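These notes are about the structure you will find just below.
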Amino acid sequence: MAIGAGVSIGATDIALRAADMPLAMASNEARDTSKIYWNRNGQFTDGNGNEEDAAGPASRIGTNNDYRQSYPDANRVTWYLMFELTAADGVIDSVAILNHNLDTADGIVDIELADDQDFGVNLKSCEQQTPTTDKRLVFLDLDDTAGGGQLRYSTVQYARIKLTSLAAVPKIGEVIWSRRRQFKRNPMLPYNDKHSMSVVEDWQAESGAGTRYVRRKGQRSESIKLRPHEDAYIDDLVTMYQDDIDEGTLPFLWIDEPTTTPSDAWWFRWRNPSLDFPLVGWIKREIAIPVDEVGPNYLRLGV
Amino acid sequence: MARTLNARWLASMRAGTCEVRYLVEVHPTAALSYKFTSGLCDNFDYPPLVRSVTPINRSLDVFTRQVQAGQTTVEIAKDAEVDDIITTYRLLGKKVVIKIGTSELVEGDFENVMPTGVIADDPDGNPADSAGVLTLNVKDPIHILQSTKIVGYWYGDHPLDAIEDIIANKVSMDASMYVAADYTPATYTSMSHFVVGRYGVHGYILDFGLNEPTSAMDVISDLAATVNGMIFPDEDGQIRFKVFDSTTAVTENWTTTDFNNIDVVTKHRNFVNRIEVTTSSLADDKAKATIGVNDTDSQTNYAWPGTASRVVERKMQNNWLNGYSFIDSDWTDVDPAGETGPGNGDGDTVVLRGGLMSAICGTRWAGFPAGAQAADAKISAARLLTMRIGEEFVTFDSCVVNNTSTRAQHAIYNPETDDYDVDIDLPNILTVRVKDRGALGSTPAAHVKWAPEGKIIDVTIARAMAEDRLVRFGDGGVYVVKCETDLSHANVEQADFVTLTTNRFKGFGDDGLSTTTKLEVIGKAIDYFSSPPRIDWELAWATKAGAAAGTTTHKGTHLGGPAAWEGALWNSGKEDVVEGHVNTGLTVAIDAGLVVDVAAGFATGQVGSAQLLEDASVTLTANKTAWIYFDVESPGIVIEENAAQPTVPGTLVLLSKVVTGAAAVTSIDDTVRTATAVNGDRLHDSTVSAKEVRGDILGGAALNLNSTFGMRG
């Protein structure tokens, strides 16, 4: 099915993002694919087929964890990581790449969509970035018309990440193809956005000398409180919980300041999932979203 | 044995703060491995899915030296790829390697914790509860020895040779899984003359072979006990051997900056001041001996109130101690200073003949009778042979091993093939030199040649087993102390020595512990997932400065009484009434030229009966008179060439007299065979009841009785 022309996410959301209101990338089309390929020519029908390295299969993408990287079987200047969604119903306006080496590999990254498996029909080149760090990459300005907009594409079935100018084998832990949820306001105060924790054990000798054993460090832990009153906003949050993250069981990306620091995308998991969203006023509801950062690649560790 | 850990590992582990990581490798095939870590590592990237590794706890029984195989349970969080491993490969019995390091180390700097574990089970528990976890029960490679059952026979082997044979040939472990150099008898000069034996010679009444499938580790443990040694896996996963040696250097000296939570478990573990070691239970009473060693100072020092002495006893037995023989001449009961026999004073040689000779210390001889016996295998002044005859202990400082008779070679039962291995040369004579009659506090006595009083039993190893342990445990037993250290002391291994410096310990002769008191590591458990991560240690006193050696005395406990010989009709005292005779077969006939055939058959002589399984061919010397015998003690054909009938031991049964010419046999005379089984001249009326009389009459000859014979009605 053909991808329609990208539609603007809307002036309201654009303005909210510009004001650095937080957004979430909760849905992920990569979880529902029939094929994920590495290929040098960017085509599913290419004679080389899936050129994944057996030690880094493409099936590692879309697994809700990023600690196993996927990579192709050779060092080439150009590679494509291609996705065929199970149904031609993908809705995409945001993309994120986690646990990668694309700065180290000197790559240039392009987000592309198309109507067919060979990416020859209605090819849309939506956004390009040249990574300057190996921190997670976030693409929020998809616009194949070069109009500088933030477009949302529907009925997507074929999507790919094009990597060029590579000087080393590219490695990617996870890819998120998402329809963003833009929040209208910052979380309620107190909002402990600096809260992180480490888990340590201290062993002490009789003299007091000792060793601190660090199990893990720098994990962000949060409780995001919201008090929406707009029907559409409330519906959005419910849909996010029920559909995007499958009744709260799947992880999602949270960006506190999507304009200022879009690459500070925290990958959270809803702790003890339950949609506790009572009315606290005539139309106002209140929700507390307790989250822990998904390990082991915590954002503060630079991954 | 003490390990040397790499400097980067030590520096990282000893830093005030460190991020410890487990690295677990699962090898579902020899060529394939899947690696997992317990957290992110800076220099390599394996899935950080190790959820827990339970303490790998290895312990050593300080008295028996038996090692408890280390085991651990590893939990690995499942993802799709871990599920694939489980469903694709058979994991049971496969190799797991467990290493430990820190997040900043490269993979090559991680150190082994369990280098060659084997998966004993992968239970996973309740799938509803543990759907996300792969659980592996992993054990040390000792588990392979514990789980493998073996049969076999061994003769003329040092205990270490037998252990190596079991590991290499019975269990068939690859050479990479054990260190062959550990099993070299020459390494242990004080006991290189030790010999053990488990074998059954065709025609012998008793079969000492290992015929029932038995855990290889159980068999090896018995062997290791003979030399006060232990089998254990080292940091490279190889099966090692080590003898307890209190002079071994200390690996580390720990102070209060190294350890914590010291706890004195006991001050008197394995307290024993008398140890009795009995030779094999496989033998009947004729071939068993016990040697008891006392620490009389300890027995006095630890007497109960109002008593003069307290004996705390422990008994041991070992089924590898089967060596025995027979004195070949009568011994008188003499004072060693003025003895007139055997020999004419200390230092004279005597002959031992027959028995389970290749289980006697000093008989190890590779390729016997070819070549020469290795020097370290020989009996000497520094490596005495201690034997017991009756109630007397005798030591020998020299032993010449030989096979003097021309005979059919021996057949030994091989339980692996359920058949006999034939043509095996075994010594039948030991010429030993007396060092001390009435040794170890016993009283010299007269002994009659041959059985039963003439049976002499090797207690060399039994004596060493008792004495070695009494030195350590005699004075009130050993202290056992527990403490903890951080993970940086992982280089210290089981059976290594450490010292603790603390003034918090008080014991007899020890006002505090210091570097002068060696402690042996008998327990070690590395627990990274505990709170806090640590190593738990159990230490046992190895030596104590200034301790006086206890005064030892020895005593033999006579086991059983004289028993009827196999095949004998009755025992009338010093002179046996049974004549050596042929029961069936064993006829001699001309084959061709100077060759005669001896038919298979069965004969009875002193010490028992024996069977020649198959016809034997014998080539005789030209122009001689040959007396052909069948030896029931070491079954085979014996030829004595002499014009007149020679005087031979009662174990040789005369079959025939053969005269040869220049190129052929000229006559065969079977009439020289003994006609009767019972010598009536030796019957005594007080010892015989009518129903015990059973004449075995050949050719209808009458029972020959003298006039003094009387029978109880």
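Each residue was assigned an accessible area with a 1.4 Å probe, and for B:Phe630 the value is about 0 Å².
Counting only the Cα atoms, segment A:169-238 fills a convex hull of 181 Å³ per residue. If R0 is taken as 45 Å, the Cβ-Cβ distance between B:Asp333 and B:Ala622 corresponds to a FRET efficiency of 0.40. The orientation-averaged projection of the convex hull spanning the C-alpha atoms of segment B:128-221 amounts to 9.5 square nanometres. With a 1.4 Å probe rolled over the protein heavy atoms of all chains, the accessible area of B:Lys170, B:Lys482 falls in the order B:Lys482, B:Lys170, largest first. When DSSP beta bridges are restricted to pairs lying wholly in the protein assembly as shown, around 95% turn out antiparallel. For a bin width of 10 Å, list the pair-distance distribution of the protein assembly as shown built from all Cα-Cα distances, rounded to whole %. Reading the bins upward from 0: 2, 9, 14, 15, 13, 11, 9, 8, 7, 6, 4, 2, 1, 0. Across the cross-link table entries B:Lys95/B:Lys242; B:Lys149/B:Lys482; B:Lys149/B:Lys242; A:Lys162/A:Lys217, which are compared at the Cα atoms, the separations over 27 Å belong to B:Lys149/B:Lys482; A:Lys162/A:Lys217. If you plug the beta carbon distance of A:Arg31 and B:Asp418 into 1/(1 + (r/R0)^6) with R0 = 60 Å, you get a FRET efficiency near 0.40.
Label-to-label distance, A:Asn75 versus B:Thr247, with points set 7 angstrom from Cα along the beta-carbon direction: 5.9 nm.
Once the gyration tensor of the Cα atoms in segment A:123-253 is diagonalised, the equivalent ellipsoid follows with semi-axes of 37, 26, 14 Å, ordered largest first.
In the context of the full set of protein chains, segment B:392-506 has a per residue accessible area of 32 Å² (1.4 Å probe). Working from label points 7 Å from Cα in the Cα-to-Cβ sense, the B:Ala600 to A:Leu189 distance is 10.7 nm. Computed 3J(HN,Hα) for segment A:288-302, one whole-Hz value per residue from the Karplus formula 6.51 cos²θ - 1.76 cosθ + 1.60 where θ = phi - 60°, is 10, 9, x, 9, 10, 6, 6, x, x, 8, 6, 4, 5, 7, x, glycine and proline marked x. Using only protein heavy atoms and a 1.4 Å probe, report how much of B:Tyr34 is accessible, in Å² to the nearest 10. Looks like 70 Å² after rounding. FRET efficiency for the pair B:Thr404 and B:Ile590, taken as 1/(1 + (r/R0)^6) with r the Cβ-Cβ distance and R0 = 41 Å, rounds to 0.90. Could you state, as a whole-number percent, how many of the C-alpha pairs of chain A are farther apart than 35 Å? Percent of Cα pairs beyond 35 Å in chain A: 22. For segment A:1-148, the alpha carbon positions stretch 45, 35, 26 Å along the principal axes, listed from largest to smallest. Taking Lys and Arg as +1 and Asp and Glu as -1, the other residues whose beta-carbon sits under 12 Å from that of B:Ala375 total +2.
Taking every DSSP helix (H) stretch of at least 4 residues in the protein assembly as shown, weighting each as -39,500 (n - 2.57) and dividing the sum by the residue count yields a mean residue ellipticity at 222 nm of -2000 deg cm²/dmol.
For segment B:486-499, putting each phi into the Karplus relation 6.51 cos²θ - 1.76 cosθ + 1.60 with θ = phi - 60° gives couplings of 6, 6, 5, 9, 5, 5, 6, 10, 4, 6, 6, 10, 9, 10 Hz, in residue order, rounded to whole numbers and with x for Gly and Pro. Computed from backbone phi, the HN-Hα couplings of segment B:147-157 come to 8, 9, 9, 9, 9, x, 9, 9, 8, x, 9 Hz, rounded to whole numbers (Karplus: 6.51 cos²θ - 1.76 cosθ + 1.60, θ = phi - 60°; Gly and Pro given as x).
For segment B:457-483 and segment A:116-175, what is the centre-to-centre distance using only Cα atoms, to the nearest Å? Each part reduced to its Cα centre gives a spacing of 77 Å. Proximity of backbone amide H atoms, modeled 1.01 Å from N, is registered between B:Val459 and B:Thr386, B:Met387, B:Arg388 at under 5 Å, excluding neighbours fewer than 5 places apart on the same chain. What percent antiparallel are the DSSP beta bridges of segment B:274-332, to the nearest 5? For segment B:274-332, the DSSP antiparallel bridge percentage is about 50.
When A:Glu51, A:Glu29 are compared by accessible area at a 1.4 angstrom probe, the order from most to least is A:Glu29, A:Glu51. Compactness of segment B:153-308 was expressed as the Cα radius of gyration divided by 2.2 N^0.38 Å, which yields 1.36.
Rolling a 1.4 Å probe across all protein chains gives B:His268 an accessible area of roughly 110 Å².
Annotation for the B:A interface, with buried accessible surface near 2400 Å², both sides summed [1.4 Å probe; non-protein components not counted]. Restricting the calculation to alpha carbons of segment B:1-146 gives Rg and Dmax of 16.0, 49 angstrom. In this simple spin-label approximation, A:Gln204 and B:Ala643 carry label points 7 Å from Cα along the Cα→Cβ vector, and these lie 10.3 nm apart.
The values are calculated or read from the model by the stated rules, or taken from the named source; none is laboratory data. This one's a predicted model, so the numbers in the text were calculated from it and none came from an experiment. Every residue, glycine among them, receives a Cβ derived from its backbone with ideal geometry; neighbour counts consider all protein chains shown. These accessible areas exclude ligands, DNA and RNA; they are computed on the full protein's heavy atoms, side chains included. Shrake-Rupley method; radii C 1.70, N 1.55, O 1.52, S 1.80 Å.
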